[in-house]
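Remarks on the structure that follows.
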Amino acid sequence: MATVINISDLRVEYPSRELGSKTTVAVDGLSLDVQQGQIFGFLGPNGAGKTTTMNVLLGFVEPTAGSATIFGVNVTDKSARQRLGYLPELTYYYKFLTPEELLRFYGKLFRIPKALLEKRIDEILGMVELQEARKRQIKTFSKGMQQRAGLAQALINDPDLLILDEPTSGLDPIGRMKVRQIIQRLKNEGKTILFSSHELGEVETICDRVCIIHRGTLREMGTVQDLVARHQCNLEQVFLRVVGYEGAAPHRPEGVTV
């Protein structure tokens with residue numbers, strides 16, 4: 001499979017706010033890759049460096065050292081983001097807009113021809129199940145509907161890569177199920193998805209591969225099945241153990257019971 005995202009020895013430093021310290025290292029020598037057509041779970045506790053890494057991929061933050069590419073193009077080049085769609089953790093749109101107005105606005109930013117844009121709007125609103133609400137103002141939407149509207153805007157340019165930051169955060173079980181179904185459909189269409197989440201049950205259900213980062217460094221990477229087999233526990237316990245949480249269940253050899 002082709003490599004969609006390649007991160008090599010990435011390091012990101014920020015000026016420190018702490019007295020006597022010049023810099024804070026947010027990402028420290030991170031290397032990973034994401035293959036075409038995969039749903040890749042990007043995991044780590046708060047402050048692990050996930051958001052900084054995604055901001056590098058999105059062109060919001062320049063790396064201090066190392067490199068990152070999307071479809072072989074360095075992320076410092078604007079053209080790297082032509083095939084990318086992004087759903088931030090906290091979506092904010094003008095609440096007086098309707099979904100079709102929102103998508104028309106983003107479509108014009110991508111300079112999508114009018115006839116094609118209207119077709120795309122119809123297709124995407126159908127995919128995210130907002131056809132019947134297309135003329136309602138977003139301010140009247142539930143959290144789940146707002147999240148699906150956010151997914152819709154991330155899809156308007158028909159991207160080959162989607163970066164989704166906590167797409168199911170704060171949703172009820174039905175809302176999570178709908179978003180999960182959309183993500184699975186996108187994978188079936190050949191999209192590649194980088195999926196950051198604290199909802200480990202969701203990750204375990206839909207991700208092909210996952211990585212766990214902590215304090216800016218890569219600690220584990222592989223399929224969910226590989227990590228579970230390696231640590232002899234579920235993904236949540238693997239996560240807690242990798243990040244050093246003291247309450248995590250200790251590793252026990254196979255066949256040993258208490």
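The values are calculated or read from the model by the stated rules, or taken from the named source; none is laboratory data. Nothing here was measured: the structure is a model prediction, and the numbers come from that model. Please note: Cβ atoms are built from the backbone with ideal geometry, for glycine as well, and neighbour counts cover all protein chains shown. All accessible areas refer to the heavy atoms of the entire protein, side chains included, with ligands and DNA or RNA removed. Shrake-Rupley method; radii C 1.70, N 1.55, O 1.52, S 1.80 Å.
Put a dot 7 Å past the Cα of L109, heading toward its Cβ, do the same for S16, and the two dots end up 3.6 nm apart.
Label-to-label distance, Q131 versus Q35, with points set 7 angstrom from Cα along the beta-carbon direction: 3.6 nm. In the chain, the calculated helix contribution to ellipticity at 222 nm averages -10000 deg cm²/dmol per residue, counting -39,500 (n - 2.57) for every DSSP H run with n ≥ 4.
In the chain, what % of DSSP beta bridges are antiparallel (nearest 5)? Once the DSSP bridges in the chain are tallied, antiparallel ones form about 55 percent. By accessible area, using a 1.4 Å probe on protein heavy atoms only, region 76-198 has 51% of its surface on carbon and sulfur. Excluding ligands, DNA and RNA, the accessible surface per residue across region 122-258 is 47 Å² with a 1.4 Å probe. Can you compute the FRET efficiency between K139 and Q184 using 1/(1 + (r/R0)^6), with r the Cβ-Cβ distance and R0 = 25 Å? Round to the nearest 0.05. It comes to 0.30. Given their separation in residues at 0.36 nm each and the Cα-Cα distance between them, H198 and A2 gain 67.8 nm when the chain is fully extended. Along region 57-67 the Karplus relation, 6.51 cos²θ - 1.76 cosθ + 1.60 evaluated at θ = phi - 60°, assigns HN-Hα couplings of 4, 7, x, 7, 10, 8, x, 6, 7, x, 8 Hz to successive residues, with x for each Gly and Pro. Separation of the alpha carbons by more than 24 angstrom is noted, of K95/K178; K108/K178; K143/K178; K22/K78; K139/K191, for K108/K178; K22/K78; K139/K191. Its Kirkwood hydrodynamic radius, worked out from the mean inverse distance over all distinct Cα pairs, puts region 1-150 at 17.9 Å. Within the chain, what's the longest stretch lacking chymotrypsin sites (Phe, Trp or Tyr not before Pro) that sit in DSSP loops with no more than 12 other Cβ atoms inside 10 Å? That gives 97-244 as the longest site-free run.
Region 168-192 and region 80-138 have their alpha-carbon centroids 17 Å apart.
Could you grab the relative contact order for the chain? Cα pairs under 8 Å, six or more apart, rounded to a whole percent. Provide the component values of the computation, followed by the final result.
Values: 457 pairs, mean separation 62.0, N = 258.
Normalised by residue count, the contact order of the chain is 24 percent.
Remark: the F60-E101 segment gains 12.2 nm on full extension, using 0.36 nm per residue and subtracting the alpha carbon distance. Within the listed set P173, P88, P63, the residue fluctuating most in the Gaussian network model of the chain (springs between alpha-carbon atoms under 10 angstrom) is P173. Summing charges over neighbours of L117, with a neighbour being any other residue whose Cβ is under 9 Å away from its Cβ, gives +4 when K and R count +1 and D and E count -1.
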